[in-house]
Every structure is written in structure tokens, then in C-alpha cells.
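A.B. asks: After the C-alpha cells below, expect a handful of questions from me.
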Amino acid sequence: MSKYSWLSLILFIGSVFFFFLFKGPNADLLLGVIVFGVLSIAGIICSILTKRWAWIIGGGLVHGGVLGFSYTLLLAGGIAGF
């Protein structure tokens, strides 16, 4: 495993840890959208830089799911009016 694959894995684990620290009634949605978006885009870039198809597909799916969750938070914040 290359350093980019490890970095992609660490970014996903960081997203999971942030999710468990982030939840609650007083959670700031905008902060969550920014953190999840940045971590997932950085993870997708790192998985592409590995140049191995298994890591590119796996990282794209996993970090794409986190990015979809970030978009859902953005949509929920827009409906609620932040």
C-alpha cells in the first residue's frame, strides 16, 4: 500500500470520528458540511493518486458516500434555514 492509500484510509476514519463527535442537537451544520466535504474530496484525490484500480474504485465509493452525506446535510440546512 502506498502512502496515498494510507492517507485515503486515514481521511475516511477521520470522517467517521468526526461524525460521532459532531452529532447532537447543537451541532453546527455548516461546519459539518465543510469538514465532510473537504475530507471526502481530499480522500477522493488521494485514492486517485494511488494509481491502483481497487483503491480508486473503493475510495471513490466510500468517499463519494461521505460526500453524498455532506450534500444531504447541506440540503437539510437549506430547508431549515441554517
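A.B. asks: So which residues in segment 3-26 are loosely packed, with under 14 Cβ neighbours inside 10 Å and polar (S, T, N, Q), if there are any at all?
C.D. replies: N26
A.B. asks: Before we move on, is I48 of a type in the set (A, V, I, L, M, F, W, C), surrounded by 13 or more Cβ atoms within 10 Å (Cβ to Cβ) and modelled with pLDDT of 90 or more?
C.D. replies: When the stated conditions are applied, I48 passes them.
A.B. asks: Please go through segment 15-56 and give me each residue that is over 23 Å from L75 (Cβ atoms), assigned to a helix (DSSP H, G or I) and in contact with a helix residue (DSSP H, G or I) (Cβ under 9 Å, 6 or more places away or on another chain), ordered by number.
C.D. replies: Across segment 15-56, the qualifying residues are I45, C46, S47, I48, L49, W55, I56.
A.B. asks: Moving on to the next point. Is segment 12-32 home to any residue that is touching an Asp or Glu at 6+ places or on another chain (Cβ under 9 Å), hydrophobic (A, V, I, L, M, F, W, C) and either on the phi < 0 side of the Ramachandran plot or modelled with pLDDT of 95 or more (or both)?
C.D. replies: yes
A.B. asks: Every residue in segment 27-45 that is surrounded by fewer than 15 Cβ atoms within 10 Å (Cβ to Cβ) and within 17 Å of I10 (Cβ to Cβ), please.
C.D. replies: Result: V38, single match.
The values are calculated or read from the model by the stated rules, or taken from the named source; none is laboratory data. Please read all numbers here as calculations on a predicted model, not as lab measurements. Heads up, the Cβs are rebuilt from the backbone with ideal geometry, glycines too, and the neighbour counts pull from every protein chain shown.
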